[in-house]
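Please treat every number below as a calculation from the coordinates, not as lab data. The structure displayed is predicted, hence computed values, not measured ones. Cβ atoms come from the backbone with ideal geometry, glycine included; neighbour counts cover every protein chain shown.
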């Protein structure tokens, strides 16, 4: 997916976010990090992985870890339904591009959210870690939790997924 809009900065511009549902709550991630959305299937379980890693998928020959956001947020693993899908996110880490799949209950829409409609993350009252939240987007009188994907998808401290190459190939 190629997009020309930049993510929101303090200069007041509008940014695009892919919004999705997870456990009945609305979340958003900056569209610039989203590569594609695929159906929920073909996940290979990898032994000894934390609950937040569902396994790996083979994405056109590349081994891609798949993270269960519900489990990452300290909730039970999500149960796949008809609209469950995997959002493929690309992040740069130490100069390398890393693809990670994210399991979501349902993708909602791509929305433009002006910087003026984004509040700072609350210091209390959310059920996920504060460093996971980039801000709270106001949309039609409701909030969308805008995620800091660098923090949420940080694989630091998780077991090395390189051994999974042979499983998903």
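Look at 21, 67, 49 and count the other Cβ atoms within 10 Å of each Cβ; fewest to most, that gives 21, 49, 67. Multiplying the residue separation of residue 139 and residue 99 by 0.36 nm and subtracting their alpha-carbon distance yields 11.5 nm.
This ranking places 41, 108 by how few other beta-carbon atoms lie within 10 Å of each, fewest first, which gives 41, 108. No solvent, one uniform scatterer per C-alpha: report log10 I(q)/I(0) for segment 14-155 via the Debye equation at q = 0.14, 0.16, 0.20 1/Å, two decimals. Here the Debye-derived log intensity ratios amount to -0.63, -0.83, -1.31. Sorted fewest first by neighbouring Cβ atoms within 10 angstrom, 83, 60 come out as 60, 83.
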